[in-house]
Amino acid sequence: MSAEISSPGLLQIEAWTKTLSNWISEKELESYQKKHRLAVYRELIRNNIESFLIPVFPIARTLISEAMWEEWVAEFLQSPYRTSPLFRNIAENFLVMLANFPVSRLSPALLQLMRWEWIEMAVAINSAKILRSINGQTLNPSLRIELFDYPVHMIAREGKLLPAQSTVLLAWRDCENNVEAICPDETMLQLILHLASCEEDEQQAHDTWQIITATPSLMQLSQILREKEILL
Amino acid sequence: MLNFIGLSGVGLGLRTELLDDILEYPSNENIQFLEIAPENWMGMGGNREQVFERLIKKFPIVAHGLSLSLGGPAPLNKKFLADIRVFLEDYKVELYTEHLAYCADTSGYWYDLLPIPATLDTARYVADRIKTVQDILGKRIAIENASTYILPQGTTLPEWEFVAAISELADCALHIDINNVFVNSVNHNFDPQQYLRALDVKRVCYMHMAGHLEDIAPDTGDRLLIDTHGAPVCESVWSLYEFAVSRFGSVPTLLERDLNIPEFSELMPELKRIASIQAADKHITIDADKEKLFQPSILLETENRSRKISDDKKLGYR
């Protein structure tokens with residue numbers, strides 16, 4: 001954000017907002033007589049940010065110590081990642097900040113778990129319309145194909161971070177707007193990737209479906225994808 | 001009861017926790033409209049979009065923004081404003097209100113409402129930004145007085161003079177939060193009725209009612225009221241609301257409850273109390289003045305004027 005053409009009013013507001021942001025971020029509030037009142041602002045801001053983060057990262061939050069979590073939130077408030085006026089983007093921008101942390105501060109497994117938790121939220125509110133089509137040959141527009149180095153979908157069940165294991169996960173929203181996720185086998189993944197690659201090319205899509213129709217195992221697989229509403 | 005821009009009576013701030021109850025509730029009883037923060041609903045798909053579409057079929061909606069940062073030092077976010085305009089037009093929302101505060105500076109968004117110094121210069125600065133917003137939205141907006149816990153350095157005007165000056169300079173409507181007036185009157189030691197007497201009656205088109213929390217500093221004994229929206233409305237705020245209705249008329253009034261949300265039925269007595277204060281209002285002539293603020297012909301003039309100004313600017317650049 002750059003400054004607008006300066007006016008006396010803007011200069012006064014710039015001076016004040018710099019002072020207030022320093023007061024909010026500094027631990028010691030010696031320069032102001034009513035420290036109690038400034039502390040209220042600090043608390044309100046932190047609580048508000050947290051209220052948009054914790055529901056998005058429910059599993060990761062249980063694996064992060066209170067001190068570390070507080071440090072991250074405080075760092076976010078001093079970071080340049082507070083770029084969106086929309087509250088739902090706070091979690092995404094928080095993740096962008098964490099992705100820039102060195103491994104010594106944040107394990108890749110935890111970062112990837114947080115990304116997976118965020119994807120579930122992103123799929124839930126994605127603006128795509130999920131409508132059944134006549135031919136059942138259209139990929140669900142909310143579908144996300146995500147590659148991880150860890151089995152992030154199993155962490156909730158295990159209650160701890162797990163060793164590295166290359167993992168592909170699919171997440172999508174069904175026609176009733178429920179978020180679904182699976183770990184596809186190699187054949188399912190290849191079929192979906194192929195269908196995705198020919199989405200823009202009508203002729204290629206037509207040819208692909210001719211092959212699928214003529215191949216019983218692929219026909220069976222495409223029927224499973226329809227039942228799961230990955231194909232609409 | 002005043003009725004303009006398609007609104008009258010009593011509204012409730014929409015909370016996810018209350019969604020099911022609101023969707024089941026008859027639309028002609030104690031709730032005449034709902035208020036939403038557009039930031040929480042814009043561009044949303046899935047269940048959220050479906051729920052919103054059900055709600056707007058049932059109730060008129062007021063959009064109460066949180067992220068415009070009218071009093072901020074960073075340039076207005078024009079992309080965000082364009083999205084707001086689309087949202088208001090798509091859902092036919094007549095009234096859009098925003099806070100007289102800032103929530104973003106040159107370092108980014110703070111996601112909370114922070115106070116600005118009240119001076120003649122800052123009043124002009126904020127009013128210019130409101131005029132820009134009104135030009136972009138093609139619509140008169142209302143600005144809401146915010147609760148504050150400190151008086152910003154450099155403040156020279158009492159808050160009521162600041163609010164009144166901005167509304168005149170920007171030619172905008174006023175959304176008066178009665179609880180915020182009361183909270184600030186305690187926090188900064190002024191007479192809340194004097195505040196309300198300073199405002200132009202015809203500009204006040206909408207009011208908020210809410211509860212607050214009292215906090216006493218353990219070391220200094222400093223008494224501070226915090227605008228939590230987490231408790232029932234206190235008797236002092238009810239008295240101030242009666243005074244406000246006697247002055248501004250029974251403008252549409254919203255009950256806010258954002259924390260410690262009780263059972264839906266427990267909100268009914270407060271909604272009914274607002275309605276009964278409105279019903280006792282004897283104003284019959286100021287309706288037209290308020291309606292005039294939102295007349296399409298006046299808005300069209302504003303829009304044409306702004307178009308002309310922007311055309312002139314283009315000419316000047318050539």
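Taking the numbered list (1) of a type outside the set (V, I, T); (2) outside any helix (DSSP H, G or I); (3) within 22 Å of B:I61 (Cα to Cα) in turn, B:H283 passes all entries but (3). Might you let me know whether the stretch A:96-104 holds any residue that is surrounded by 16 or more Cβ atoms within 10 Å (Cβ to Cβ) and more than 14 Å from chain B (Cβ to nearest Cβ)? Yes; the residues of the stretch A:96-104 include at least one that is surrounded by 16 or more Cβ atoms within 10 Å (Cβ to Cβ) and more than 14 Å from chain B (Cβ to nearest Cβ). For the stretch B:108-144, the tally of residues that are assigned to a loop (DSSP other than H, G, I, E, B) and charged (D, E, K, R) stands at 2. The residues of the stretch A:140-156 that are among the charged types (D, E, K, R) and under 25 Å from A:I125 (Cβ atoms), listed by number, are A:R144, A:E146.
Only one of the numbered conditions (1) within 30 Å of B:E49 (Cβ to Cβ); (2) open to solvent by 80 Å² or more (accessible area, probe 1.4 Å) is not met by A:E180, and that is (2). If you go through the stretch B:49-84 and keep only what is in a loop (DSSP other than H, G, I, E, B) and either within 30 Å of B:P26 (Cα to Cα) or more than 9 Å from every other protein chain (Cβ to nearest Cβ) (or both), you end up with B:F59, B:P60, B:G65, B:L66, B:L70. If only residues of the stretch B:32-58 that are at pLDDT 95 or above and among the aliphatic types (A, V, I, L, M) are counted, the one that is surrounded by the fewest Cβ atoms within 10 Å (Cβ to Cβ) is B:A37. Quick one: in the stretch A:126-151, of everything that is away from chain B (no Cβ under 14 Å) and closer than 16 Å to A:L189 by Cα, which residue is most open to solvent (accessible area, probe 1.4 Å)? For the stretch A:126-151, the residue satisfying everything is A:L147.
Looking at the structure I just gave you, is A:R82 open to solvent by less than 60 Å² (accessible area, probe 1.4 Å), within 14 Å of chain B (Cβ to nearest Cβ) and out of contact with any Leu (no Cβ under 6 Å at 6 or more places or on another chain)? So A:R82 fits the description; yes. Exactly one residue out of B:A104, B:A118 is in contact with an Asp or Glu (Cβ under 7 Å, 6 or more places away or on another chain) and not charged (D, E, K, R), and it is B:A118.
You will find that of A:L232, A:L147, A:L161, the residue that is touching a residue at least 12 places away in the same chain (Cβ under 8 Å), over 30 Å from A:I64 (Cβ atoms) and under 25 Å from the mean Cα position of the chain (by Cα) is A:L232 and no other. Candidates are the residues of the stretch B:280-308 that are at pLDDT 70 or above and open to solvent by less than 40 Å² (accessible area, probe 1.4 Å); the one that is nearest to B:E29 (Cα to Cα) is B:D281. Do the conditions hold for B:G65, that is, is it surrounded by 16 or more Cβ atoms within 10 Å (Cβ to Cβ) and more than 29 Å from A:N47 (Cβ to Cβ)? No: the conditions fail for B:G65.
Only one entry of B:L12, B:L23, B:L2, B:L18 meets the criterion of being modelled with pLDDT under 95 and buried (at least 21 other Cβ atoms within 10 Å of the Cβ), and that entry is B:L2.
Screening the stretch B:207-279 for strands (runs of 3 or more DSSP E) wholly inside it with 1 or more residues that are open to solvent by 40 Å² or more (accessible area, probe 1.4 Å) returns the ranges B:213-216, B:223-226. Can you pull out every residue in the stretch B:103-133 that is more than 12 Å from every other protein chain (Cβ to nearest Cβ) and open to solvent by 10 Å² or more (accessible area, probe 1.4 Å)? B:K131, the sole residue that qualifies. The residues on offer are B:S147, B:S185, and the sole one that is at pLDDT 95 or above, in a loop (DSSP other than H, G, I, E, B) and touching an Asp or Glu at 6+ places or on another chain (Cβ under 9 Å) is B:S147. Within the stretch B:135-185, restricting attention to residues that are open to solvent by 40 Å² or more (accessible area, probe 1.4 Å) and among the aliphatic types (A, V, I, L, M), the residue that is farthest from B:L114 (Cα to Cα) is B:I136.
The values are calculated or read from the model by the stated rules, or taken from the named source; none is laboratory data. Computed from a prediction, not measured in an experiment: that's the story for all the values here. Every residue, glycine among them, receives a Cβ derived from its backbone with ideal geometry; neighbour counts consider all protein chains shown. Accessible surface is based on the protein model in full, side chains and every heavy atom, while ligands, DNA and RNA are left aside. Shrake-Rupley method; radii C 1.70, N 1.55, O 1.52, S 1.80 Å.
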